[in-house]
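Data first, discussion second: the structure below is written as structure tokens.
What follows draws every value from the coordinates through simple rules; no lab data is involved. This structure is a prediction, so every number in the text was calculated from the model and none was measured. Positions of Cβ are backbone-derived with ideal geometry, glycine not excepted, and every protein chain shown enters the neighbour counts.
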Amino acid sequence: MVDGGIVWWLWAILGLVLAALELGTPGGFYLLFFGIGALAVALLTAAGAIHATLPQLLWFSTLSVCASLLFRRRLVEMLTPQIPAAALNSLVGETASALEDIGPGAFGKVELRGTAWNARNGGEAKVTRGQRCVVERVEGLSLWITPASQ
């Protein structure tokens, strides 16, 4: 400690460690902003703008939380792939194959275009494993299906 505060290079190490740990988290973008806050405090401390431990901790907390509140949502939206609604709606009318028995109103799995999907049987009849079914609508990442006419 220098002048009663934490030395700048400890803040820099903390910032780099937090930023590196962010790489191991699946898209949370929380540690990144605390890493940025620690690096900012490292710069302020190295420049001599803050000396004591309490102001350093206050700056770290304030900068980290404010940066997270201001920029996290935009960063997540920017880096999250968006599935166009038109691409999902193009599945309506497609024929899928049931991977398991699905009772009326029940959920199960179907295969469509080589991918397993969650599906809900919106028809009156049971869909049996291997039976073909028609996609009636798409709700989120779930397909609403009905048994195909034989």
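A few points about this structure:
- Cα-centre dipole for the chain with unit charges at Cβ (Lys and Arg positive, Asp and Glu negative), debye to 20: 160
- Here's how it looks for Ala106: its modeled amide H is under 5 Å from those of Asn121, which are all 5 or more places away or on a different chain.
- Charged side chains reduced to their Cβ positions (Lys and Arg at +1, Asp and Glu at -1) give region 85-147 a dipole of some 80 debye around its Cα centre.
- Helical mean residue ellipticity (222 nm; -39500 (n - 2.57) per DSSP H run of 4+; nearest 500) of the chain: -14000 deg cm²/dmol
- Net +/- balance of residues flanking Arg137 in space, Cβ distance below 12 Å, scoring K and R +1, D and E -1: -2
- Span from the region 56-79 Cα centroid across to the region 114-150 one, whole angstrom: 43
- Backbone phi angles across region 112-117, fed through the Karplus curve with coefficients 6.51, -1.76 and 1.60 (θ = phi - 60°), yield HN-Hα couplings of 9, 6, x, 10, 7, 10 Hz in residue order; Gly and Pro are listed as x.
- Residues whose amide H falls under 5 Å from that of Glu100, counting only those 5 or more places apart or on a different chain, are Lys109, Gly130, with hydrogens built in the peptide plane.
- Taking Lys and Arg as +1 and Asp and Glu as -1, the other residues whose beta-carbon sits under 11 Å from that of Leu99 total -1.
- The mean of 1/r over all distinct Cα pairs in the chain, once inverted, gives the Kirkwood hydrodynamic radius of 19.2 Å.
- Within the shell defined by Cβ-Cβ distances under 11 Å, the residues around Trp117 carry a net charge of +1, with Lys and Arg each +1 and Asp and Glu each -1.
- 3J(HN,Hα) along region 52-57, derived from phi through the Karplus expression 6.51 cos²θ - 1.76 cosθ + 1.60 where θ = phi - 60°, amounts to 7, 5, 4, x, 4, 5 Hz, with x in place of Gly and Pro.
- Sequence of Ile36, Ile13, Ile145 once ranked by neighbouring C-beta atoms within 10 Å, starting from the fewest: Ile13, Ile36, Ile145
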